[in-house]
Amino acid sequence: MSSVKSRSNSVYGGYEKAPNRAFLKAMGLTDNDISKPLVGIAAAWNEAGPCNIHVLGLASVAKEGVREAGGTPRIFTTPVVIDGIAMGSEGMKYSLVSRELIANVVESTVNAHGYDAFVALGGCDKTGPGLMMAMARLNIPSIYMYGGTTLPGNYKGKPIAIGDVYEAVGAYSAKKITSDDLRLMEDFAIPGPGTCGGLYTANTMGMISEALGLALPGSASPPAVDAERVRYTRETSKAVMNLLEIGLKPRDILTFEAFENAITALMASGGSTNAVLHILAIAYEAGVNLTLDDFDRISKKVPEIVNMKPGGEFVMADLHKVGGVPLLLKKLLDAGLLHGDSITVTGKTMEKNLKEFKLPNVDSSHIIRDINAPFNSYGGIRILKGNLATEGAVIKASATKVRYHKGPARVFNSEQEAFSAVLDGKIKEKEVVVIRYEGPKGGPGMREMLAVTSAIVGQGLGESVALITDGRFSGATRGIMVGHVAPEAAVGGTIGILQDGDIITIDIDNGKLNVELTEKEIKDRLENWKPLEPKYKSGLLAQYAKLVSSSSKGAVLIPY
Ligand code: FES
């Protein structure tokens, strides 16, 4: 037991650590408890929203599981920012920031108290990525479990998800629906605990946790209120004790091939563009050299086969009924698109896991097609490059039917300015709405533009107006929406020198994002460009803006 307890022994072992043991005994722990491995249970929990409201309950289940498997569990909580609530306000600037906070809280709690291993329980958009970043960073035996999705909402007998409510705001402002309709959606869109229902960011990152091999097979898709989630929590917390015993650590799992598996699942599913940022960030923490070019390469060879919101029809609870993430991974493996020999938290390979997983014997073709009959022959996300994004930009190709758009720029220096212009009906067909100074440094915090993009769709302009931004999009966004434009405006990217009327082309099939300006015109404009004063001089956002890297590097904090 000594090697598995080497971390906790250094904090609680020996006569000189008697005061430390006294602190534990003050909480009712016995010598026997202290002699066992100490296992942190990182619960991303607070009462800010429904996405993680049940996670503290899951932490109690995990506690029992760790005890049963011979460990001594210690629950701690991490911050949670509910993206859906912060969306469209200054509060959204804290969303991506919270991802780094979560990783830092786990690092400080686990290291300061000498925990030997930990279980990470996530939910809302940034919690999964923050926890998985911490696993990669600390590289001690650890396992992730997603908190699960909410059940579908209900609007006049039709299943809906939160994305429909955002679009209803645009529809109401355009007088296409009544206030009673909007109220009905508000009341019944989210029927209880869990994350937003479609394949938005939280559910995408749940899927990614399985594809990376950091979570038990099948653990991502049971809804938050499903009893299966309780059983998975118990199994997950027992599995961490096995990881401790066999000495398998996150960086043994997080190889370059594991990241390729994650990107493959992302491309096949048409999941959230935010996953690009998060996968890059987890790779950074794992010390794996992953770039946007890897996403582009895989996007070109992996067909999109999943029919889920926002681009499609179904939600995570529907995917669960037909076999969940293992069904998708199995199809990819059978097609030779997945590395089956990647090791996972079960201690077995991806291939072995998928072989052992019992899929329900039901028709799944409405949600996941066969590889040879895909919705699109390429991945759901494309990387665009050009004189407007020399480092890269990201578009969810699956969320629009348009493959090419050319139109004049309408430039805004913040999300609010653009949102007001859309609601006031000032945006015309063909135009390209440009929202800049919303990047990692410029925002700071790279806000998501769901309010604007939903208003565009809600007003019926969805496929005729494009939007480009150095900020991000919600996983629920659909339309011709290009995000993560890098370099961002705040550091002198071309997006910062655009003017109203500049002609922008978005060419999805050829992976291009350009403005019709010559090199000399761009150079001349850049010479006259002056950086804006930082928006924040003190506090968390000022600290973040100083350290954050480009979105093309995952917007991680790089100390220098
Ligand atoms: Fe939490 Fe959507 S707001 S998952």
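The values are calculated or read from the model by the stated rules, or taken from the named source; none is laboratory data. All values reported here derive from a predicted model rather than from experimental measurement. FYI the Cβ positions are ideal-geometry reconstructions off the backbone, even for glycines, and counts take in every protein chain you see. For accessibility, only protein heavy atoms count, side chains too; no ligands or nucleic acids. Shrake-Rupley method; radii C 1.70, N 1.55, O 1.52, S 1.80 Å.
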Cross-link reach list, aspartates and glutamates versus LYS175, counting only Cα pairs under 13 Å and skipping chain neighbours closer than eight places: GLU167, ASP424
Per residue accessible area in Å² of the stretch 1-81, where ligands, DNA and RNA are left out and the probe is 1.4 Å: 46 Å²
Debye equation applied to the C-alpha atoms of the stretch 459-536, log10 I(q)/I(0) at 0.13, 0.25, 0.27 Å⁻¹: -0.48, -1.34, -1.43
Rounded to the nearest 20 debye, dipole of the chain from Cβ charges on Lys, Arg, Asp, Glu: 640 debye
Within the accessible area of the stretch 381-553 (1.4 Å probe), percent carbon and sulfur: 52 percent
Net charge of Cβ neighbours under 13 Å - reference VAL80; Lys, Arg +1; Asp, Glu -1: -1
Peptide ranges 257-263, 69-75 listed from the most packed, as the mean C-beta count within 10 angstrom indicates: 257-263, 69-75
Accessible area in the full protein assembly, largest first, 1.4 Å probe, for ASP341, ASP370, ASP524, ASP116: ASP341, ASP370, ASP524, ASP116
The stretch 1-144, accessible surface, carbon-and-sulfur percent (1.4 angstrom probe): 56 percent
Mean ellipticity per residue at 222 nm, deg cm²/dmol - from DSSP H runs of n ≥ 4 across the chain, formula -39500 (n - 2.57): -12000 deg cm²/dmol
Contact order relative to length of the chain, as percent, for alpha carbon pairs under 8 angstrom and 6 or more apart: 14 percent
Per residue accessible area in Å² of the stretch 381-553, where ligands, DNA and RNA are left out and the probe is 1.4 Å: 37 Å²
Contour excess over end-to-end distance, with Cα ends at ASN387 and TYR15 and 0.36 nm allotted per residue: 127.4 nm
Relative contact order computed over the stretch 291-364 (Cα-Cα under 8 Å; 6+ residues apart), in percent: 24 percent
Proximal aspartates and glutamates relative to LYS428, as straight alpha-carbon distance under 14 Å, when same-chain residues fewer than 8 apart are discounted: GLU463, ASP500
Estimated distance in nm for a label pair at LEU532 and GLN499, the labels positioned 7 Å out from Cα along Cα-to-Cβ: 1.9 nm
The stretch 381-553: translational diffusion in µm²/s, Stokes-Einstein, Kirkwood Rh over Cα pairs, 20 °C, 1.002 mPa s: 136 µm²/s
Relative packing of peptides 53-59, 18-24 - highest average C-beta neighbours within 10 Å first: 53-59, 18-24
Relative packing of peptides 355-361, 269-275 - highest average C-beta neighbours within 10 Å first: 269-275, 355-361
Backbone HN-Hα couplings from phi across the stretch 372-388 [Karplus 6.51/-1.76/1.60, Hz, Gly and Pro as x]: 7, 9, x, 6, 9, 7, 10, x, x, 10, 10, 9, 10, 9, x, 5, 8
Members of LYS126/LYS238; LYS430/LYS537; LYS36/LYS553; LYS249/LYS535; LYS158/LYS401 lying beyond 29 Å, as alpha-carbon distances in this model show: LYS430/LYS537; LYS36/LYS553; LYS249/LYS535
From phi via Karplus (6.51, -1.76, 1.60), per-residue ³J(HN,Hα) for the stretch 3-10 in Hz, x at Gly/Pro: 5, 5, 10, 4, 5, 6, 4, 5
Cα gyration tensor category, rounded, prolate or oblate, for the chain with a/c compared to 1.5: prolate
Separation between Cα centres of the stretch 436-477 and the stretch 500-560, rounded to whole Å: 15 Å
Förster radius 25 Å - calculated FRET efficiency between SER420 and THR178, Cβ distance, rounded to 0.05: 0.65
Gain in span if fully extended, VAL362 to VAL230, counting 0.36 nm per residue against the direct Cα distance: 45.2 nm
Simple label model, 7 Å out from Cα along Cβ direction - VAL491 to LEU547, nm: 1.6 nm
Rounded to the nearest 10 Å², the accessible area of PHE256 at probe 1.4 Å: 60 Å²
Under-5 Å amide H pairs with ALA476, H placed in peptide plane, nonlocal only: THR201
For MET308, distant residues with modelled amide H under 5 Å away: GLU313, PHE314
